Amino acid sequence: MLANMDKNLSWTSSLGDAYVNQSDDVINAVQVMRKRAQDSGNLKSTPQEKVSDQGSTIVIEPAGPEVVYVPQYDPWLVYGAPVTIWPSWYWYPGLYLTGPGIGFGLGFGIGFLGDLAGLAPLGI
């Protein structure tokens, strides 16, 4: 994920600008995409993550409190068509799985990282 952000600096910058200036719109767009994945049968609870509906909000959280897994998937398969490519998008090898469904790599403990990010008081 970080390599992709490094290779696609204009996208990374635009995403940051959108979140700062239009955070409600970004969060709504995330919910729309989660709903598309859920409706297509690709967003379900797994041993690595728990998916739940809380009203009109789809919440995705780690299945266990100590380990976070970063999912890998092909957005064109998970969300369904049409998902357009960002201008000057650079596909980074290994960025996502090129098969159907959602997969997970190695998980990482968040205790140390949570303390560094100031997230420990939140129980993360």
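The values are calculated or read from the model by the stated rules, or taken from the named source; none is laboratory data. Model, not experiment: these values are computed from the prediction. Every residue, glycine as well, gets a Cβ built from its backbone with ideal geometry; the counts of neighbours run over all protein chains shown. For the accessible areas, the whole protein counts, side chains as well, though only heavy atoms, and no ligand, DNA or RNA atoms are used. Shrake-Rupley method; radii C 1.70, N 1.55, O 1.52, S 1.80 Å.
Report whether or not Gln38 is open to solvent by less than 80 Å² (accessible area, probe 1.4 Å) and touching a Gly at 6+ places or on another chain (Cβ under 9 Å).
Values: open to solvent by less than 80 Å² (accessible area, probe 1.4 Å): yes; touching a Gly at 6+ places or on another chain (Cβ under 9 Å): no.
Considered against the rule, which asks whether it is open to solvent by less than 80 Å² (accessible area, probe 1.4 Å) and touching a Gly at 6+ places or on another chain (Cβ under 9 Å), Gln38 comes out as no.
Table: residues versus (1) within 14 Å of the chain's Cα centre (by Cα); (2) more than 26 Å from Asn8 (Cα to Cα); (3) open to solvent by 50 Å² or more (accessible area, probe 1.4 Å); (4) at pLDDT 90 or above.
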{"residue": "Val32", "(1), (2), (3), (4)": "yes, no, yes, yes"}
{"residue": "Glu49", "(1), (2), (3), (4)": "yes, yes, no, yes"}
{"residue": "Pro62", "(1), (2), (3), (4)": "yes, yes, yes, yes"}
{"residue": "Ile85", "(1), (2), (3), (4)": "no, no, yes, no"}
Taking the stretch 15-38 and keeping only residues that are in contact (Cβ under 8 Å) with a residue 40 or more places away in the chain and more than 19 Å from Tyr69 (Cα to Cα), one is left with Met33, Arg36
Among Ser56, Ser45, the single one that is open to solvent by 60 Å² or more (accessible area, probe 1.4 Å) and under 26 Å from Ala18 (Cβ atoms) is Ser56
Note on the stretch 1-41: residues over 25 Å from Ser56 (Cα atoms) and of a type in the set (Val, Ile, Thr) are Thr12
